[in-house]
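First, the structure itself, so that you have it in front of you.
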Amino acid sequence: MLQVNNIRDHKEAYSKALAKRGLNAQPILEEVIQIDELRRSTQAQLDDTLSQSNIFSKEIGLLFKNGETQKADLLKEKTSELKDRSKLLQEQLNDTVEKLQQLLYTLPNIPNELVPAGTDENDNEVVFAEGTVPTLEKDALPHWELAKKYDLIDFELGVKITGAGFPVYKGKGAKLQRALITYFLDKNTAAGYTEYQVPHVVNEASGYGTGQLPDKEGQMYYIGEDNLYLIPTAEVPVTNLFRDDLLAHTQLPVTCTAYTPCFRREAGSYGAHVRGLNRLHQFDKVEIVRIEHPDKSYEALNGMVEHVKGILRELKLPYRILRLCGGDLGFTSALTYDFEVFSTAQDRWLEISSVSNFETFQANRLKLRFKDVDGKNKLVHTLNGSSLALPRVLAGILENYQTPEDIKVPEVLIPYCGFDIIN
RNA sequence: GGAGAAAUGGCAGAGUGGUCGAUUGCGGCAGUCUUGAAAACUGUUGAGGGUAACACCUCCGGGGGUUCGAAUCCCUCUUUCUCCGCCA
């Protein structure tokens, strides 16, 4: 959530930056400023009224103490008018605050200056590419065929017990999956991230904290009876661990990693691109989250990008990095780098990681602050990234490491799997 | 699920209707002493709104109520602890 003061101070710049998202924010920003002015003037009136009433109350107290009850009763009558007035003003204030809040919820984060303008994924900027795309046999198979051939994943069984988009991993498929999770966690903890295990369901406040609510309400599975949400990413529980916190500047940066399954309703998606592991309702992901000093957050973002690069290098997968354009940038993000692995058999790029800096957007909602060296309380910057998302990495490995006879296991994973070949 | 107790500043913990935004301790910060540090001593130290800066307002788990006046009384919700029941 954006801060009203910043909107007031940087209206023009904000409006210009938000235009990169294809959003005409000018009228909304104007309205925010206008409502905030009303809020402040109402608050001032209310404060005056309460101040009056406080003065009277003190006087009444004194008069009673001195036994001057008649005078006190006289003053009491005076206060009733003030009471009515403050009650009315309080209601007006509440309405105004609520209106302001709702309006602020509709505004996405301000894109960083590096974010290119653009409307959709075609306008994303390729900023880096590495690795060699293997040349496969003509009859190379997509991963869903490979999964069937080697009995690694059973999509039909998932449909039977739950529904489409809930695959069942079997045998070496399951073991490879577990190996990847452990491998990712090991890489992350070796890089200094503290490992967490967190709940897979969260309450409403957490959903608001990281910005899934109210924006992406329909994308989360909701348990009405208990008013809880299945997490769409570990970002939600992990970042919310620090909701309402006031950290010492010496505690920064806070770095966390967590493995969780992720649940997404993916309402409205369909077509050939959702085959196999490409788009699921439940998938596994290892996430990294950082809480940073505002001066260091972009340095940290680059560090996260380098960290993910290192993992993909070890896995020897061909990948590229995209800087998301305004139109493709997530609601809460200021700058996002997407990692994509090239799937030779599908002849397309598969998104496997998304690394973002949210600056103060989440911190403002989370009320997550730190006490800076100057003694002032400031909002932190929050960042997160996948390190990494499992299914498409698995798809990439299966497809790129296949031979006509078998599938090789990437070298770094062999100690984790206990086997070096799938056949 | 049933019965009881509790929720106060970064932490611990006083405070039961009127200078209480809150005694005190720890922690933090600054200073004295020291070559430096530790220890000791002294001072300082909650958050949000508002203002050019003051003033002023709000906040003692959340919400509502009683009262001229609420951390303190009442209702309600949430959470924690103890006991009972159930259970991986």
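The values are calculated or read from the model by the stated rules, or taken from the named source; none is laboratory data. Just so it is clear, the structure is predicted and the values come from calculations on it, not from any experiment. Cβ placement follows ideal geometry from the backbone for every residue including glycine, while neighbour counts extend to all protein chains displayed.
I'd like to know if region A:2-9 contains one or more residues that are within 9 Å of RNA strand B (Cβ to nearest atom), of a type in the set (S, T, N, Q) and within 24 Å of the chain's Cα centre (by Cα).
The answer is yes; a qualifying residue exists.
Looking only at strands (runs of 3 or more DSSP E) that fall completely inside region A:343-393, which ones have 1 or more residues that are within 17 Å of A:Asn240 (Cα to Cα) and away from RNA strand B (no atom under 16 Å from the Cβ)?
In region A:343-393, the matching strands (runs of 3 or more DSSP E) lie at A:348-357, A:381-389.
Among the listed residues A:Thr255, A:Thr239, identify the single one that is surrounded by 23 or more Cβ atoms within 10 Å (Cβ to Cβ), hydroxyl-bearing (Ser, Thr, Tyr), more than 16 Å from RNA strand B (Cβ to nearest atom) and touching a residue at least 24 places away in the same chain (Cβ under 8 Å).
Exactly one residue qualifies, and that residue is A:Thr239.
While we're looking at this one, here's another question. Just checking, which of A:Leu23, A:Leu82, A:Leu18, A:Leu74 is closer than 17 Å to A:Asn364 by Cβ and either within 12 Å of RNA strand B (Cβ to nearest atom) or within 27 Å of the chain's Cα centre (by Cα) (or both)?
A:Leu18
Regarding region A:125-140, can at least one residue be identified that is assigned to a helix (DSSP H, G or I) and free of Cβ contacts under 8 Å to residues at least 40 places away in the same chain?
Scanning region A:125-140, I find no residue that is assigned to a helix (DSSP H, G or I) and free of Cβ contacts under 8 Å to residues at least 40 places away in the same chain, so the answer is no.
Related question: Of the conditions (1) part of a helix (DSSP H, G or I); (2) under 18 Å from the mean Cα position of the chain (by Cα); (3) closer than 18 Å to A:Phe283 by Cβ, A:Met304 fails just one. Which one is it?
Exception for A:Met304: condition (3).
Right, here's the next one. Just to be sure, is A:Val373 surrounded by fewer than 20 Cβ atoms within 10 Å (Cβ to Cβ) and hydrophobic (A, V, I, L, M, F, W, C)?
yes
Among (1) buried (at least 24 other Cβ atoms within 10 Å of the Cβ); (2) in contact (Cβ under 8 Å) with a residue 60 or more places away in the chain; (3) touching a helix residue (DSSP H, G or I) at 6+ places or on another chain (Cβ under 6 Å); (4) not polar (S, T, N, Q), which single condition is A:Val393 missing?
(3)
Could we say that A:Thr182 is surrounded by 14 or more Cβ atoms within 10 Å (Cβ to Cβ) and in contact (Cβ under 8 Å) with a residue 60 or more places away in the chain here?
Here the answer is yes, as A:Thr182 does meet what is asked.
Residues of region A:385-404 being in contact with a strand residue (DSSP E or B) (Cβ under 9 Å, 6 or more places away or on another chain) and farther than 26 Å from A:Asn302 by Cα, which ones?
A:Ala395, A:Leu398, A:Glu399, A:Asn400, A:Tyr401, A:Gln402
Let me ask something else. Restricting attention to region A:32-42, and to residues there that are surrounded by fewer than 16 Cβ atoms within 10 Å (Cβ to Cβ) and either within 11 Å of RNA strand B (Cβ to nearest atom) or modelled with pLDDT under 90 (or both), which single residue is nearest to A:Thr106 (Cα to Cα)?
A:Glu37
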